[in-house]
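*Asks:* Just dropping this structure here.
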2 protein chains.
Amino acid sequence: MARVVVMYKTPKDPSAFDQYYFATHAPIARRIPGLRKYEVSQGAVASPAGPSGVHLVAVLHFDDMAAVGRGLTSDEGKAAVADVGKFATGGVDILMFDNREV
Amino acid sequence: MARVVVMYKTPKDPSAFDQYYFATHAPIARRIPGLRKYEVSQGAVASPAGPSGVHLVAVLHFDDMAAVGRGLTSDEGKAAVADVGKFATGGVDILMFDNREV
């Protein structure tokens, strides 16, 4: 399996962010071909030192990195990536990797 | 469910890091009480812009944030956290959050 971890840093208006994310962005992102599972953080994102500066984490599951590539370069994937610019006012970090259980 | 996402930035000696991580650290971390699942990235950790600066991502699954707190403050959790300082020569970022499927 592969994961895409999307870390949204604290936006200018967190409640406007949340409203847009769940009403508009999530339905767009769910259409990405090959997306097997879509998880989001609920409540505060903490770090051991205290506040993390991250407002929301989304974890997208795909079969493998090839499927991630196909998904993100599809029309639906391009629409989801383009939409991020409309609400991620605090910036966003994205990590993509194959993973395995240990 | 809750997740602890541990992002190890590129260490000074990546092959020494890998050897220590899988032979020594992973067996220590697996003993943390309440750990339900333990996943690690396999191969390169990418970002949309290219190299991510992250060498390895570990995702630890717990029932909820209360279980994360109990796990990390247990003797086994403290041992795992203390061990990180022995090999994470590039630094580490940790995010902890409850999550849900959307």
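The values are calculated or read from the model by the stated rules, or taken from the named source; none is laboratory data. As the structure is a prediction and not an experimental result, all values here were calculated from the model. Reconstructed Cβ throughout: ideal geometry from the backbone, glycine too, with neighbour counts over all protein chains shown.
*Asks:* Among the candidates B:Val102, B:Val59, B:Val5, single out the residue that is β-branched (Val, Ile, Thr), within 26 Å of A:Lys37 (Cα to Cα) and at pLDDT below 95.
*Replies:* Just one listed residue meets the conditions, B:Val102.
*Asks:* Also, quick follow-up: In the stretch B:20-29, what residues are over 19 Å from B:Gly71 (Cβ atoms) and without any contact (Cβ under 8 Å) to a residue 24 or more places away in the chain?
*Replies:* B:Phe22, B:Ala23
*Asks:* Exactly one condition in (1) facing another protein chain (nearest Cβ under 7 Å); (2) part of a strand (DSSP E or B) is false for B:Arg3; which is it?
*Replies:* Exception for B:Arg3: condition (1).
*Asks:* Quick one: count up the residues across the stretch B:64-102 that are surrounded by 15 or more Cβ atoms within 10 Å (Cβ to Cβ), part of a loop (DSSP other than H, G, I, E, B) and away from every other protein chain (no Cβ under 11 Å).
*Replies:* Total meeting the criteria: 5.
*Asks:* Across the stretch A:58-70, what is the total count of residues that are out of contact with any strand residue (DSSP E or B) (no Cβ under 6 Å at 6 or more places or on another chain) and free of Cβ contacts under 8 Å to residues at least 60 places away in the same chain? Full working, then the answer.
*Replies:* Start the filter on the stretch A:58-70 by keeping residues that are out of contact with any strand residue (DSSP E or B) (no Cβ under 6 Å at 6 or more places or on another chain), which leaves A:63, A:66-67, A:69-70.
In the following step, the residues that additionally are free of Cβ contacts under 8 Å to residues at least 60 places away in the same chain were identified as A:66, A:69-70.
Selection size over the stretch A:58-70: 3.
*Asks:* Just name the residue that is farthest from A:Glu101 (Cα to Cα) out of those in the stretch A:19-63 that are of a type in the set (Gly, Ala, Ser) and part of a strand (DSSP E or B). I'd like the intermediate steps shown before the answer.
*Replies:* Filtering the stretch A:19-63 down to residues of a type in the set (Gly, Ala, Ser) leaves A:23, A:26, A:29, A:34, A:41, A:43-44, A:46-47, A:49-50, A:52-53, A:58.
Imposing the further condition that a residue be part of a strand (DSSP E or B) reduces the set to A:41, A:43-44, A:46-47, A:50, A:58.
Numbers: A:Ser41: 21, A:Gly43: 26, A:Ala44: 26, A:Ala46: 24, A:Ser47: 23, A:Gly50: 28, A:Ala58: 20 Å.
Applying the filter and picking the extreme gives A:Gly50.
*Asks:* Just checking, does the stretch A:36-44 include any residue being under 30 Å from B:Thr73 (Cβ atoms) and touching a Ser or Thr at 6+ places or on another chain (Cβ under 7 Å)?
*Replies:* So far as the stretch A:36-44 goes, no, none of its residues is under 30 Å from B:Thr73 (Cβ atoms) and touching a Ser or Thr at 6+ places or on another chain (Cβ under 7 Å).
*Asks:* Filter the stretch A:30-57 for residues that are touching a residue at least 40 places away in the same chain (Cβ under 8 Å), under 27 Å from A:Asp13 (Cβ atoms) and more than 8 Å from every other protein chain (Cβ to nearest Cβ) and give the result.
*Replies:* Within the stretch A:30-57, A:Arg31, A:Ile32, A:Gly53, A:His55, A:Leu56 qualify.
*Asks:* Quick one: B:Ala58 ticks every box in (1) crowded, with 21+ Cβ neighbours inside 10 Å; (2) more than 14 Å from the chain's Cα centre (by Cα) except a single one, so which number is it?
*Replies:* Checking B:Ala58 against (1) crowded, with 21+ Cβ neighbours inside 10 Å; (2) more than 14 Å from the chain's Cα centre (by Cα), the one that fails is (2).
*Asks:* Inspect all residues belonging to the stretch A:5-19 and state whether any of them is of a type in the set (Val, Ile, Thr), farther than 23 Å from B:Ala49 by Cα, surrounded by fewer than 20 Cβ atoms within 10 Å (Cβ to Cβ) and in contact (Cβ under 8 Å) with a residue 12 or more places away in the chain. Show your work before the answer.
*Replies:* Step one: filter the stretch A:5-19 for residues of a type in the set (Val, Ile, Thr), giving A:5-6, A:10.
So of that shortlist, the ones also farther than 23 Å from B:Ala49 by Cα come out as none.
Among the residues of the stretch A:5-19, not one is of a type in the set (Val, Ile, Thr), farther than 23 Å from B:Ala49 by Cα, surrounded by fewer than 20 Cβ atoms within 10 Å (Cβ to Cβ) and in contact (Cβ under 8 Å) with a residue 12 or more places away in the chain, which makes the answer no.
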